Structures are given as C-alpha cells and as structure tokens.
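Worksheet: the structure to be examined is printed underneath.
Each value in this text was obtained by applying a stated rule to the coordinates, not by laboratory testing. The structure displayed is predicted, hence computed values, not measured ones. No Cβ is skipped: glycine too gets one built from the backbone with ideal geometry, and neighbour counts run over all protein chains shown.
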Amino acid sequence: MSEVSEIMNSPKRCPQQMTVRRAGQSIAPAPANISTAPFWAQMLLESDVDGENNVMQAYVEPGVITNWHTHPRGQFLYVLSGVGFAQCDGGPMVELRAGDCVWFAPDERHWHGASPTSTFCYISIQATQDGTAVSWLEPVIREEAAQ
C-alpha cells in the first residue's frame, strides 16, 4: 500500500502530543439534515478511534434544534452563551443557559438547540465507539418538543 493510501485509509486520531487549535480554525456548517436549519460548528478535536473524544463548539441561530440523536458513550454539553433547550425522549424540555452543564447517558435519545428568541453556543464532548460518536435519527416534531 502506498503512503498516500495508508494516510487516506487511517482513522482520525486525537493528537499524540500537545496541540493548539487557534480560534476560528475548522469552522464549517454542520452536516445537512441533522437539524431544522444549518448551524456552525468548529471541530476542536476529532477521532474515529474507540474511546477517544470528539470535541465541538456549536453556534446555533434562534429556533434551530437538532434531530433526535444518541451517542454510544454519552455526551457532555457545556453552554457558553445564549439560551437553549434540551429534551430526552419522554422527558420534559429543559431550558439551558450559559454555565449550565448537561450529561446525556450512553444511547439516551435526545435533542438540543436554541430557544426561539436567542442564539445558543455550546461545547460538546462525546467519545467514539465502533468508529462513531453519534447516531442521527428523525427530526423532532415541534409538538413533541413543546410537551
């Protein structure tokens, strides 16, 4: 196998030494069809290797929420600014504000996003299992979210 093929086929890994990622690097629109509208994400740390973390800063416009989704090893959210909401399947919708921390258990079906009147910025941390850190599901029905 050529060196280029090995690099292309090797999994993403967390850096093996101290690494600084400057603010503003790797900002891109989040993948299509995972939320009610596009939002911006900055990948701070990416890995496809089991047990390693993926860390992202998300900037969400008012009213934008994710689809239902799960994380095989759970997800930690730390709210940086704005007002948002989160909800687990069958649970109440909970308001989130700057400084709040949220833990979603492994495979706990949930969504999160901005309130209708505020932007929402957060850091999310989720570990990889079997090559993925998230399983995206169907869109949230607004009536479900209001319950």
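Considering (1) in contact with an Asp or Glu (Cβ under 8 Å, 6 or more places away or on another chain); (2) crowded, with 18+ Cβ neighbours inside 10 Å, say which one S35 fails and leave the rest.
Of (1) in contact with an Asp or Glu (Cβ under 8 Å, 6 or more places away or on another chain); (2) crowded, with 18+ Cβ neighbours inside 10 Å, only one is false for S35: (1).
Tally up the residues in the stretch 112-130 that are surrounded by 21 or more Cβ atoms within 10 Å (Cβ to Cβ) and in contact with a Pro (Cβ under 9 Å, 6 or more places away or on another chain), please. Don't jump to the end; show me each part of the working.
Filtering the stretch 112-130 down to residues surrounded by 21 or more Cβ atoms within 10 Å (Cβ to Cβ) leaves 112-114, 120, 122, 124, 126, 128.
If we keep only those that are in contact with a Pro (Cβ under 9 Å, 6 or more places away or on another chain) as well, we get 114, 120, 126, 128.
Number satisfying all stated conditions: 4.
Which of the residues that make up the stretch 86-116 are in contact with a strand residue (DSSP E or B) (Cβ under 6 Å, 6 or more places away or on another chain) and assigned to a loop (DSSP other than H, G, I, E, B)?
M93, A98, D100, D107, E108, R109, S115
Look at the stretch 32-81 and say how many of its residues are hydroxyl-bearing (S, T, Y) and in contact with a Leu (Cβ under 8 Å, 6 or more places away or on another chain).
1
Could you grab the pairs with beta carbons closer than 7 Å, sequence gap of 6+ or different chains, first residue in the stretch 83-103 and without any contact (Cβ under 8 Å) to a residue 12 or more places away in the chain and more than 14 Å from A58 (Cβ to Cβ), second one surrounded by 11 or more Cβ atoms within 10 Å (Cβ to Cβ) and among the polar types (S, T, N, Q)?
Matching pairs, first to second residue: V94/Q87.
Please give the number of the condition L77 fails out of (1) of a type in the set (A, V, I, L, M); (2) in contact (Cβ under 8 Å) with a residue 12 or more places away in the chain; (3) over 19 Å from T128 (Cα atoms).
(3)
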